[in-house]
Amino acid sequence: MRVQWTLPLLLTVLRVAIIPVVLALFYVDWHYARHLATVLYAIAGFTDWLDGYLARRWNQTSLFGAFLDPVADKLLVAICLVMLLYDNPGGTLALVVAVIISREITISALREWMAELGQRTSVAVSWIGKWKTAFQMTAIGMMIWKTPFYGIPIYSIGYGLLFVAAALTVWSMAVYLRAAWPILSRNGQER
């Protein structure tokens, strides 16, 4: 089957294509490289909302888009968190990064497994997950920017917001696992 290239799908592919550019800019020895990386990261974050909105509004959803959209989001977040940890290694940041990435892997696996059982709606995205994403994306963008902006300690604020995102991450994971628990706790091979 051929993929129909719609604007929403192209935006999702663009988000994946931006990832190596953000990563490369992070390591370029140019004063404004991290600022440009932040702008591209923000564009990628905006397309996360825009592609889904357009796909639903224009009825241009596709199986490939439904697969690629969450993969693009998780790749963007995980790669940016790892590069931030590489830039500023430390036990506290490492723990926060591990919590966030572990949650993403766990919930992705849970959603896939629940979909196989025909129970995907049991672990649909909640408002906590949306808040987690907003705090996480904002925090990461501020940490990529790094330099103070008119005296405002952008990195420190982003670092603090990342802790809020981590708390929301744990909370949202608990909500998802609780919703799935009746199925997870079944004995035998029931379906």
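Nothing in this text is a laboratory measurement; each read-out follows from the coordinates by a stated rule. What you see is a predicted model, and the numbers here were worked out from it, not measured in a lab. Reconstructed Cβ throughout: ideal geometry from the backbone, glycine too, with neighbour counts over all protein chains shown.
Farthest towards the positive end of the charge dipole of region 89-191, among the residues GLY129, ILE152, LEU93, is the Cα of GLY129, using unit charges on the Cβ of Lys, Arg, Asp and Glu. Percent of Cα-Cα pairs more than 20 Å apart in region 98-178, please. Of all Cα-Cα pairs in region 98-178, 39 percent lie more than 20 Å apart. Per residue, the Cα convex hull of the chain amounts to 140 Å³.
Ranked by the mean number of other Cβ atoms within 10 Å per residue, highest first, peptides 71-81, 151-161, 94-104 order as 71-81, 94-104, 151-161.
If packing is taken as the mean number of other Cβ atoms within 10 Å per residue, what is the order of 131-140, 168-177, highest first? Present the calculation step by step, with values, prior to reporting the outcome.
On the way: 131-140: 20.7, 168-177: 18.2.
The most tightly packed comes first, giving 131-140, 168-177.
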